[in-house]
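The values are calculated or read from the model by the stated rules, or taken from the named source; none is laboratory data. What you see is a predicted model; the values in this text were computed from it and never measured. No Cβ is skipped: glycine too gets one built from the backbone with ideal geometry, and neighbour counts run over all protein chains shown.
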Amino acid sequence: MPSRLLYLVRHGEQDRAEEEADTGLSERGRRQATLLGERLRGTRFAAVHHGPARRAAETAALVAASLPGVPVREDDRAGDHVPHDTDPAGLPERYAEFLAGFTERERRDGPRVTAEAVARFAAAPAEGDVRELVVTHNFLVAWLVLHALEAPPHRWIGLNHQNCGLTVIRYSSGGPPTLVALNDVAHLPPELRATGLPDDYRF
């Protein structure tokens with residue numbers, strides 16, 4: 001029975017030197033990504049995919065250093081985009097304020113790209129077994145978890161993943177998706193884990 005084992009990773013901690021810029025990883029982020037790569041060493045991935053942001057690309061490169069022979073591919077579908085144009089009515093005030101910060105274009109284009117990501121990554125393959133790693137952002141990891149669990153769409157807000165946390169979902173033609181692991185940071189020592197909400201969480 002064909003199956004896809006999808007490994008999802010939020011990028012390592014971003015260098016905050018320029019708050020709004022597309023910066024790469026901080027020193028902590030590089031350590032997080034290197035340790036994740038060591039944990040995944042020997043895993044037989046078909047490919048490592050990553051979004052276009054520098055922090056995602058750098059994370060993917062550091063992880064892939066422990067995965068010789070595995071191709072690394074940039075994919076816009078793994079980028080940082082709003083997964084759902086959520087109606088703020090009935091949500092807590094802080095969530096409504098958060099949603100109001102997105103532009104009309106982000107609310108229009110983000111869900112379209114997210115749907116493309118779901119179509120590409122969140123399904124069983126036509127034949128054989130496939131194992132892929134996607135280095136992406138918090139929003140897409142949250143959305144794919146909700147998609148697998150058939151949870152209400154507005155719950156992507158507030159489902160937060162740690163930098164270089166590992167989530168694994170299995171897709172099979174024989175049944176619904178299976179959430180194998182969620183936000184697993186066993187490969188990170190305590191000083192590289194978030195003690196509260198990481199700096200780049202918005203609420």
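Residues that are touching a Cys at 6+ places or on another chain (Cβ under 9 Å) and at pLDDT 95 or above: find the strands (runs of 3 or more DSSP E) completely inside segment 1-111 holding 1 or more of those. Quick ask: steps written out before the conclusion?
Details: elements: 3-10, 47-50, 72-74.
Ranges flagged: 3-10.
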- State yes or no: is Ala194 out of contact with any strand residue (DSSP E or B) (no Cβ under 6 Å at 6 or more places or on another chain) and modelled with pLDDT of 95 or more? no
- Query: Under the condition of being surrounded by fewer than 20 Cβ atoms within 10 Å (Cβ to Cβ) and not charged (D, E, K, R), which residue from segment 1-23 is farthest from Gln162 (Cα to Cα)?
  - Reply: Met1
- Message: Quick check on my filter: what residues within segment 129-159 are surrounded by 16 or more Cβ atoms within 10 Å (Cβ to Cβ), part of a loop (DSSP other than H, G, I, E, B) and touching a strand residue (DSSP E or B) at 6+ places or on another chain (Cβ under 8 Å)?
- Response: His137
- Message: Test of understanding: among Gly110, Gly29, Gly90, Gly42, which residue is farther than 24 Å from Trp143 by Cα and not hydroxyl-bearing (Ser, Thr, Tyr)?
- Response: Gly42
- Query: Any idea which of (1) among the aliphatic types (A, V, I, L, M); (2) out of contact with any helix residue (DSSP H, G or I) (no Cβ under 6 Å at 6 or more places or on another chain); (3) under 20 Å from His81 (Cα atoms) is the one Ala117 doesn't satisfy?
  - Reply: (2)
